Number of protein chains: 2
Amino acid sequence: MPLTGQLFIGRERVATSQTFRAANPTTASLIDPPFSSAGAAEVERACQLASEAFDQYRALDNETRAKFLETIGDRIMALGDELLERANAESGLPLARLTGERGRTVGQLRLFADELRKGGWQGVRIDPAMPDRKPLPRADLRQRKVPLGPVVVFGASNFPLAFSVAGGDTASALAAGCPVIVKGHSAHPGTSELVAQAISEAVAQCGLHPGVFSLLNGDKRDLGAGLVADPRIKAVGFTGSRGGGVALMKIAAARKEPIPVYAEMSSVNPVLLLPGALAARAEALGKEFVGSLTMGSGQFCTNPGLVFALEGPHVDTFIQSAAAALGGAAPQVMLTAGIYDAFQKGVDRLATNKSVKTIARGADTQGANCGRGALFSVPAGALTHEIAEEVFGASSVIVRCANEAELVDALEKLEGQLTATLHVTEQDYPIAQKLLPTLERKVGRILANGWPTGVEVSHAMVHGGPYPATSDSRTTSVGTLAIERFLRPVCYQDLPDALLPPALKRDAQSATPHRFDGVYRS
Amino acid sequence: MPLTGQLFIGRERVATSQTFRAANPTTASLIDPPFSSAGAAEVERACQLASEAFDQYRALDNETRAKFLETIGDRIMALGDELLERANAESGLPLARLTGERGRTVGQLRLFADELRKGGWQGVRIDPAMPDRKPLPRADLRQRKVPLGPVVVFGASNFPLAFSVAGGDTASALAAGCPVIVKGHSAHPGTSELVAQAISEAVAQCGLHPGVFSLLNGDKRDLGAGLVADPRIKAVGFTGSRGGGVALMKIAAARKEPIPVYAEMSSVNPVLLLPGALAARAEALGKEFVGSLTMGSGQFCTNPGLVFALEGPHVDTFIQSAAAALGGAAPQVMLTAGIYDAFQKGVDRLATNKSVKTIARGADTQGANCGRGALFSVPAGALTHEIAEEVFGASSVIVRCANEAELVDALEKLEGQLTATLHVTEQDYPIAQKLLPTLERKVGRILANGWPTGVEVSHAMVHGGPYPATSDSRTTSVGTLAIERFLRPVCYQDLPDALLPPALKRDAQSATPHRFDGVYRS
C-alpha cells in the first residue's frame, strides 16, 4: 500500500495544504511522498474525538483492551519488510537493528496486554465496613485506579518504532485506558504512517471508538505546543531533547489545569571504574566500553557519556584499549542532519575546551551525516557542568579521579541521570558501598559490571531518574510500572454492588491481586 | 513546660528578632508568648541539616522508622491536656473535637508504622536473570522505591493537629524516609511548638540524626516561598487555599530542578439528591445535610458546598427541612478572623447575586468571629463558576435541576473536586449509572447515602482529586497510599548481593510482598 502522507484523525484520513517531506540521512536527500502538517483545526478535532472516546474506552474490560494491544502488535508484524525498509530510509538505522526494535515494540504491547490480564494495575484496596466500631463506625471503602484521560505522545527520533507511534508511551497509555494522540516525529513520517495504519486497523477490528487513536504530523513547534495546551489533554509522554522537554513542561504548568508531563530528556550515564575491576580487566573494559559507546552511532538515552576512573596503574591500559577500539570503529550515519550537526558542535566544544584532552576519534569517512566517535579525558578537578553535558552521539569523557574523595565530589555535582554503572570486583565493594547512596540519589538504574545501553522491557526495569534525566523521577518510561503514569486513585464509599465498577464488586475481590484491610492478597 | 516561642532547627532551639503572636478567635485577643519568625538564615540551616540527615534516615530499617513514628505518637499523648487547651485557645475548636483529632493524628502515625512493617511500600519487583535467553540474555533486575529527599510540609489552619506539624503529610513523608521541615501555620504556633517538642524528643529518644525534623514559624509569605525554592528540598505537602497552593506550584515549577507539590486546595463536594432518595427521606436528608454542613463551622475540605436536586415533589420538603435545621443551628466561632472575614465576603457575594435565592441563615449571635450558616438555591441553568466556587465555612448552594440533562450538564461544567455524594434508592440506580463516569472524571471519592465530611484514615481512602481540588490527582493526602507521594523507583541490574539494599538481597525476597517476574507474591 503506497504512503498517502495523510493525517489520522480517528478513522478519518486528512490532507492539509501545508506539507513537509522526510530526508534520507544516508543519501542526504528528501524522499516522497509529501506529508500533511496538522494545524489548529486538526488539533481541535483529534482532541475532541479523544475526549469523546475516553469514557467508552476506559470502561472496557481487561481482556478486550489486552486483545486490542495484541492486535496492534499483529498488525505491525503484518506490515512486513515495507515497515523496516521505510524506517531504514528515514533513520539510517540498519535493518538488523530495526528488526530487533520491531520485536521490542511488539513485545512491549504484548507485555502490557499480559499486565492488563494480571489485574494488579487497578490497585484494588478494600477496607470493609466496621458498623460496630467505636466511637464511630467505619464505612465500606473500595479503591481502584482510573485513567487520567486523553494523552499526547511525542514520537522520538532515535527509536522510530519502540519510542514512536506504537512505542512504550503509547502502549502504556492505551493499556491504562487513555486515548492517545501521537505527535509524529518529523524525521520518520512514513514509518509513522505505516504504524498508524496498523493501530487504526486494530481499532476497527476490535470495534473501538475511533477517537482512541489519532496521528498528527508537522514539522513546526506550534503543533506540539497546541496539543499540550488543549484542555482535553490530561497527560503528556515525551522522549527527546532537554530543550524540547522543558518547553513542554512549561506549557503544561501554565495551563489553567496543569497536567503531568513525562519527559525523558538527557543523561550522560556515568560509568565508574573501580581499582579492582581495572586491575582485573582494564583492556577488556576498554573494548566493551567502546562497543556500548558506538552502538547505533551512540544515539541512545543510555549512552555512556562520562567515565570515572580512579587513578592507578591500569587507567592508562583502559584508555589505550578504548582509544584503539574507537580508532577502528567505522562511523555510522546519524538519524538526521540536525542531530549530526549538534553532535559535531558538541564534539568541537569539548575538543576546544582547554581542560579537555582528545584521546581518540573514530575513523574518518566520506559518507553524509556520519558521526565519528570521540573520546576525551579531563582531570576530575576540572570537570564542569559544560563538560558533563550530554553530547547526543558517540562522544564520551573519561574523568580521571586522583582519589576517592575526588570521585565522590564529582558524582555529587552531577545532575540527575538515567543510569550509573559500577565496574567492581570484590575488593571494590567497600568503596562501592560508600558510593551507592550518592548514586541512588542521582539515578534511576544502577548496574554492576555491564553497560547501560540495552534497556530490558520488563517489570523491574526503571528507565527514568531525577531531573533533568526526566521531568518526573517518580516513574519510568520503560517496563510495566509505566502504566501508573496515566492512572489516579478513586475511592468508592458505601456504594451498592450495582453501582460499583466490576473489579470492586463484593464477589469480585478475589479475582485480582488486592489489599484487604491492608493485607496483601494475590 | 511553658512555651518558648522558639524555632526548632534540628536539635537547636532558635529565637529571632522578628516575632508574632497567636490570636484567640473566641476572645478576639492576642495571646502569649511571642513566636520567633524564621528568616533566610534559618531556612538555610534547616535545609542543610535535612539534607545531611537524608542518607542516614532513609537507610534505617522498617522497624526503626516504625518505632520512631510510634514514639512521636506516644510523646504527643504525653503532652496531655496542655496540647488540647492551647489548640482550643488558638483555633476555637471545641475540646471534644480536638480530642478526636488528636486520636486521629496519633492513629495515623501508628497506621504508617504498621505500613512500614508490612513492607509492600518498597514496591519490590524482581525479574530474575535469564542467561540462556535468545537472542540476548536477560540481566538480573531488582526494583525498589527510595525516598525523594527532604520535604517541606505546610501546616493547615483547620486541623491544628491532624494536618499540621505531625499531621498526615509529615507522617507519610517521615514514613517514606524523607526528613521534614514544617512551615508552621501562623494561627496556631503554640500548638505547633508543643507537637514539635514531641517530635524532637522522639528524634532524640530514637537516636536519629537531628536534621530529620525542623519547625520554622513565620507570618510572612517569604518563608514558605524560600523553603519551596531551596534546591535541597525535593517535595512539598500543603493543605490550604487555592491561591496559596497555586503560588507554591508556580515556585516549584520555576525552580532549576522542578519538584512535586502536593497541594490540597479547594472543593465544593457536590451532593446529588436523586428522586428515589428524595421520595424516601427528603426530610431526614435535609437534617443530615445541615449536620454535615455546619459541623466544625463548616471548615472542612469535604464540606458539602453544592447540592444538586432533581426537580420533583420532594425537593421543597428537603429544602424546608434543611432551612429549619440551619435556622436552629447555633453559629460557632471560626478558626481565625481572616477566615471569618473571607466567609462573610463569600456569603455576601452569593446573597447579592441576582440568580441566587437565600433560603436560610443560621441563628444570629454576638460572639466574635462566629460564622452564621448560609443556605442558598439557584436554578441549574443559572449556575456559574462564581456561584460554584468554594466559600470556606458553613455555606452551601442547592442547585435545582429541571431534568437529568440539566444535572449532567451542570456536573460536566464543575471543576475537579475531592468528593461527590449520591443519595439513591434502587430506583435511582439507572440514573446513577449514567452519572458515575462523569463523577469518576471529576472527583477522588464517590459516596453513596452518606456525607462527605469525616475522612477515614485507612488503606482504601482517597483524599485527593483532579485540579483544582488538588495539584496532583495521582495521589491522596490521607491514608496509606499517601506514602507513594514521596517515593521513586530505582532498578538494580546485576548487583552482587553484597551491594544490594536489604529488601532486594537474594535471600530476602520472600520477606516482603513483591512481584517475581511479574507474578504477585504476598
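Laboratory data are not the source of any read-out in this text; all were calculated from the coordinates shown. Note that the structure is a prediction, hence the values are computed from the model and not measured. Using ideal geometry, Cβ is built from the backbone for each residue, glycine included, and neighbour counts are taken over all protein chains shown.
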Requested in this report: Using DSSP, restrict attention to beta bridges with both residues in the protein assembly as shown and report what percent are antiparallel, rounded to the nearest 5.
Outcome: 40
Query raised in the report: Computed on alpha carbon atoms, what radius of gyration and Dmax characterise the range A:12-132, expressed in Å?
Result: 20.8, 78
Report summary line: the range A:134-222: relative contact order from alpha carbon pairs under 8 Å, six or more residues apart, as a whole percent, is 28
Query - For residue B:130, distant residues with modelled amide H under 5 Å away - result: B:138, B:139
Query raised in the report: In terms of Cα to Cα distance under 12 Å, which aspartates and glutamates are near enough to residue B:145, apart from those fewer than 8 places away along the same chain?
Result: A:440, B:484
**Report entry** Per-residue HN-Hα couplings for the range B:455-468 [Karplus 6.51, -1.76, 1.60; θ = phi - 60°; Hz; x = Gly/Pro]
**Finding:** 9, 5, 9, 8, 7, 8, 5, 10, 10, x, x, x, 3, x
Query raised in the report: Given Cα pairs under 8 Å that are at least 6 residues apart, what percent is the relative contact order of chain B?
Result: 17
Query raised in the report: Which aspartates and glutamates, on any chain, are close to residue B:434 with Cα under 16 Å apart, when same-chain ones fewer than 8 places away are left out?
Result: A:52, A:55, A:497, B:404, B:406, B:409, B:412, B:426
Query - Sorted by Cβ density within 10 Å, fewest first, the residues B:99, B:317 - result: B:99, B:317
Requested in this report: Starting from a label point 7 Å past Cα on the Cβ side, list the distances from residue A:55 to the same position in the other copies, nm, shortest first.
Outcome: 5.4
Query raised in the report: Please state the relative contact order of the range B:271-448 as a whole percent: Cα pairs under 8 Å, 6+ residues apart?
Result: 28
Query raised in the report: Which of A:250/B:442; B:183/B:345; A:234/B:505; A:118/A:256; A:134/B:345; B:118/B:256 have a Cα-Cα distance over 30 Å?
Result: A:234/B:505; A:118/A:256; A:134/B:345; B:118/B:256
**Report entry** Most to least packed among A:463-470, A:12-19 [average Cβ atoms within 10 Å]
**Finding:** A:463-470, A:12-19
Query raised in the report: Is there a simple number for the mean count of other chain Cβ atoms within 10 Å of the Cβ of residues in B:139-149, and what is it?
Result: 5
Requested in this report: List the distances, in nm to one decimal, from the label point of residue B:207 to the label points of the same position in every other copy, shortest first, placing each label point 7 Å from Cα along the Cα-to-Cβ direction.
Outcome: 6.6
Requested in this report: Starting at the first residue of the range B:77-91, write each ³J(HN,Hα) from the Karplus equation 6.51 cos²θ - 1.76 cosθ + 1.60 with θ = phi - 60°, in whole Hz, x for Gly and Pro.
Outcome: 4, 5, 5, x, 5, 4, 5, 5, 5, 5, 4, 5, 5, 7, 10
Query raised in the report: Can you run phi through the Karplus equation (6.51, -1.76, 1.60; θ = phi - 60°) for the range A:15-24 and list ³J(HN,Hα) in whole Hz, with x for Gly and Pro?
Result: 10, 10, 7, 8, 10, 9, 10, 7, 10, 8
Requested in this report: Give me the compactness ratio for the protein assembly as shown, meaning the Cα radius of gyration over 2.2 N^0.38 Å.
Outcome: 0.96
Report summary line: homo-copy label distances at residue A:517 (7 angstrom along Cα-Cβ), nm, one dp, ascending, are 3.4
Requested in this report: For residue A:354 and residue A:28, compute 0.36 nm times the residue count separating them, minus their Cα-Cα distance, and round to one decimal in nm.
Outcome: 114.0 nm
Report summary line: Env charge @ residue A:36, Cβ radius under 15 Å, K,R +1 / D,E -1, value -1
Query raised in the report: For chain A, what value does the Rg/Rh ratio take when both radii are computed over Cα atoms and Rh is the Kirkwood radius, given to two decimals?
Result: 1.01
